[in-house]
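Below: the structure, in structure tokens.
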Amino acid sequence: MTGRRLPRGRRIGLAIAAIGLVGLPLWATSSCVIQRLGGAFTRQPHETATLDAEARALLDAALADVTPARLFDHHAHLLGLGHGGTGCYVNSAMQSWAHPVQRFKFSIYLSAAGISGVVDADRAYVERLVALTRGDGRHGRALIVAFDQHHRPDGTVDPAKTEFYVPNEHVFAVAAASPELFEPAMSVHPYRPDALAELERWAERGGRFVKWLPNAMGIDPADPRCDPFYAVMKARDLWLLTHAGEEQAVEAEEDQRLGNPLRLRRPLDAGVRVVVAHCASLGEGEDLDQPGAPPRSNFALFLRLMDEPRYDGLLFGELSAVTQWNRLAEPLATLLARTDLHHRLVNGSDYPLPAVNAIVSTRALERAGFISGRERAALNQLYDVNPLLFDYVTKRVVRDPATGRRFAPEIFMAQPALARAGDGRAAPAP
């Protein structure tokens, strides 16, 4: 042992696996542990009438100053195992107890998504997401994202590093089936030999966003090989929705550097509009602007980009995961206080993450002063009914402990700057 600390995501994963591996046999203990850490829901998404008066009042207040039809979630995932011809894929290591950390993580995601068995998981996942998005009828729409495979620098697929894959075809078909609920986002790896053709293909089908997770996909946004890709994005007026910061699903530390927000200067300087998922609110990165300087928090590097006048109108931040316990408290307090940035923030859930009980903690929010005890009790009820509504209402309720400022309601509606994505409709699947 070197004494070096493992990345936080790896430590959490090992701790989760250890719960199931200690004491009783795994088969005897895993189901209750998975339910506790995953989605321990007892009510259905449409059952908001079962909330008590205080919880209903909190929900109503969160919808009172917005136009529900304009609500827009800029980040929701589809997942699947390929049943029914969806083409989806999950790495075999995540489906085998020979790899307990990965298998346990996969089981938690299934639980969070309300899936009780894997035989019809693809259909069940979509049905659950439809029900959650529709909620009690006062709903907007969600951007559902495809997720390309990990590619090596030579453009070939690396199956070992591909944890999951959601093809564009599946996402566009789901969106076309429920255009009142969903907008499709394509995912195209820029190193693919057919990258430019795929980008053009899905832009023609109505796609307005390209989804990347550089740490997991093996994409360096600062790589000059991406320049032709950026040129097409600029010409097509496409948005890049990209993860930045540490990614806890990635175990190879060398890939975490790809999540450095400063690597996004290249697409920004090419005129591509970029939405940074989670506002890069986790982990540290190299200060690429000052070689040799100590690492800085990825969130600080993100703010540096946001504060550069030349990126106003090009760079936006997305709020998914910023209320989770592992990202408190500086990023959330700063974003609440920086009202000068609110016109450049958009809402996103990163579903199914809001349904993973292990990373949702209203207790942590209360202790840090972001919510009151009464609000916590009401939010807990809402979580049991509909974790997507819970995620939205939580972000409407949280306040800066120092100033009392809250997020502007405009953040949660389709903004004029992003209107082409928020107001569009899914094109028919090919």
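The values are calculated or read from the model by the stated rules, or taken from the named source; none is laboratory data. Predicted model, so just to flag it, every value in this text is computed and none were measured. Don't worry about glycine lacking a Cβ; one is built from the backbone with ideal geometry, like all the others, and counts go over all protein chains shown. The accessibility values were calculated without ligands, DNA or RNA, using every heavy atom of the protein model including side chains. Shrake-Rupley method; radii C 1.70, N 1.55, O 1.52, S 1.80 Å.
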Magnitude of the charge dipole, the range 231-369, Cβ model with Lys/Arg +1 and Asp/Glu -1, debye to 20: 420 debye
How much accessible surface does residue 201 have with a 1.4 Å probe, in Å² rounded to 10? 90 Å²
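Suppose we look only past 22 Å in the calculated P(r) of the range 97-237. What percent of the Cα-Cα pairs does that tail hold?
Values: 4700 of 9870 pairs.
Counting every Cα pair in the range 97-237, those more than 22 Å apart make up 48 percent.
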Tell me which lysines have Cα within less than 21 Å of residue 161's Cα, excluding those fewer than 8 residues away on the same chain? 105, 211
Listed residue (303, 326, 133) projecting farthest to the positive dipole end of the chain, Cβ model: 326
As a test of reading the structure, rank 247, 47 by solvent-accessible area (1.4 Å probe, protein chains only), most first. 47, 247
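Hey, any idea what % of the range 151-254's accessible area is carbon plus sulfur with a 1.4 Å probe? Spell out each step's value before the answer.
Values: 1930 of 3520 Å².
Roughly 55 percent of what the probe reaches on the range 151-254 is carbon or sulfur.
Figure the gain on full extension for residue 237 and residue 96 (residue separation times 0.36 nm, minus the Cα-Cα span) and round it to one decimal in nm. Intermediate values should be presented prior to the final figure.
Values: separation 141, 0.36 × 141 = 50.76 nm, distance 4.22 nm.
46.5 nm is the gain from fully extending residue 237 to residue 96.
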With all protein chains present, how much of the accessible area of the range 275-430 (probe radius 1.4 Å) comes from carbon and sulfur, to the nearest whole percent? 52 percent
Starting with the highest mean, order 238-244, 340-346 by the number of other Cβ atoms within 10 Å, averaged over the residues of each peptide. 238-244, 340-346
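Determine the per residue accessible area of the chain with all protein chains present and a 1.4 angstrom probe, expressed in square angstrom.
On the way: 17030 Å² over 430 residues.
Result: 40 Å² per residue.
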Given the DSSP H assignment, sum -39500 (n - 2.57) over each helix run of at least 4 residues in the chain and divide by its residue total; what's the result at 222 nm in deg cm²/dmol, nearest 500? -10500 deg cm²/dmol
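Given contacts defined as C-alpha pairs under 8 Å and at least six residues apart, what's the relative contact order of the chain, whole-number percent? Working shown, then result.
Working: 839 pairs, mean separation 81.8, N = 430.
Reported relative contact order: 19 percent.
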Expected output is a single nm value to one decimal: the length gained when fully extending between residue 329 and residue 308, i.e. 0.36 nm times separation in residues minus the C-alpha distance. What is it? 5.2 nm
